[in-house]
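Quick notes on the structure that follows.
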Amino acid sequence: MAGSGHAQLRERDDVLLRVKDLVVQFPAGRDRVVHAVSEVTFDVAEGETLGIVGESGCGKSTVARAIIRLVDITDGEVLFEDQDLAGLKGEDLRRVRPRLQMIFQDPISSLNPRRRVRDVISEGLAVWGDDIGTWTRDSIDELMDAVGVESRYGDRRPHEFSGGQCQRIGIARALALDPKVLICDEPVSALDVSIQAQILNLLQDMKSRYGLTVMFISHDLSVVKNVSDRIVVMYLGKVCEIGTTDEIYSRPAHPYTRALLASIPEPAPTVDVEEGDIGDELPSATAPPSGCRFHTRCPKATDVCREVEPVSEQVGNADHFVACHHPVMVEITTPAAS
């Protein structure tokens, strides 16, 4: 999508976070480079929940970590409140970080096992002082109760809690600094199915209660469907498709999006189960395929797919974009009432 990603940016006054042509590369030795993220472009409006989905290795978590500068940005821009985070360093970067907080995939390993959970949650306030947001160290018990962890257990350590409780503690830690953007990196994938719904409901409640803007990262489209306003589909460091949740489910245009939908235990009615059979081998990110990166697994690939990188173009409504030479435009039809 070289040079084409800007078509996906919306001209809206309420855009809070804007990623332009983001590139993240890692050295792999012997003059090789891992192309983890390649020219990714999207925006997030204030109050919106943006889902990012794709297989393991597609670059979705790297995008999240690059936004909050946990990994270095090779090229591109990350505009937050019209400030380019990619160019910030030192104290300037440190001061913007409280407003962008992250919830990690493994709730237990993300908490310091030696510290009491009340201290884990209030650590940011201990660093910044009580004037960073609406919470203070004296009100941490109230925050613990808000996320469903009884404050009377605040002196316990993480190993004394279940995985679901540890994720609630992680959510409280993220909220303590009053962020504007909450990035959730597969926050329920390590939890039992019975607990996943509780955490998803908690995140929805916290979003409404505290006016958060959320990025929700997952490999599971069925989970993302329930929490997201729009969805970004990624494959091998590239954006394949962007659209509203309804558009992605009723009019999936990219063969990879359709394959993801077909792999759900109860597939979307817009796809056939056979479309999920794309093989198991993800190409190496150190030597990504030419042209469309999905062509090595795509049943619709032609010579143009192998030779020319597809341009992201609008399909359907104004918020639906797909980077594919042969997009599939089949709309779900609802049987007429008898």
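Structure notes:
- In range of the label at Glu81: residues from region 117-143 whose backbone nitrogen is under 14 Å from the point 7 Å along Cα→Cβ: 132-134
- Ordering 284-290, 106-112 by mean Cβ neighbour count within 10 Å, with the highest value first, yields 106-112, 284-290.
- Within region 1-133, the proportion of Cα pairs with more than 20 Å between them is 56 percent.
- Of Lys89/Lys207; Lys180/Lys225; Lys60/Lys225, those spanning more than 19 Å from alpha-carbon to alpha-carbon: Lys89/Lys207; Lys180/Lys225
- Only helices enter the 222 nm calculation for the chain: every DSSP H run of n ≥ 4 contributes -39,500 (n - 2.57), and dividing by all residues gives -7500 deg cm²/dmol, rounded to 500.
- Derived value for the chain: Kirkwood hydrodynamic radius 21.0 Å. Basis is the mean of 1/r over every pair of different alpha-carbon atoms.
- Normalised by 2.2 N^0.38 Å, where N is the number of residues, the alpha-carbon radius of gyration of region 1-79 equals 1.14.
- Counting every other Cβ atom within 10 Å of each residue's Cβ, Thr136, Thr49, Thr302 order from fewest to most as Thr302, Thr136, Thr49.
- Under 24 Å of direct C-alpha separation, and excluding same-chain neighbours fewer than eight residues apart, Lys300 reaches these lysines: Lys238.
- By the beta-carbon count within 10 Å of each Cβ, the least crowded to most crowded order of Phe161, Phe26, fewest first, is Phe26, Phe161.
- Per-pair calculated FRET efficiency, R0 = 25 Å: Ser56 and His326 via Cβ, rounded to 0.05: 0.45
- Listed residues Asp319, Asp141, Asp280, most fluctuating in the chain (Gaussian network, C-alpha, under 10 Å): Asp280
- Of all the options Val223, Val127, Val40, the one that moves most in a Gaussian network model of the chain with Cα springs shorter than 10 angstrom is Val127.
- Fluctuation leader among Glu241, Glu55, Glu274 - the chain, Gaussian network, Cα springs under 10 angstrom: Glu274
- DSSP-defined antiparallel bridges as percent of all bridges, the chain, nearest 5: 60
- Efficiency of FRET between Ala197 and Leu70 - r from beta-carbon atoms, R0 41 angstrom, step 0.05: 0.90
- Residues Ile217, Ile195, arranged from fewest to most other Cβ atoms within 10 angstrom of their Cβ, appear as Ile195, Ile217.
Quick note: the coordinates plus some simple rules give every number you see, no bench work behind them. Nothing here was measured: the structure is a model prediction, and the numbers come from that model. Glycine also receives a Cβ, built like all others from the backbone with ideal geometry; neighbour counts cover every protein chain displayed.
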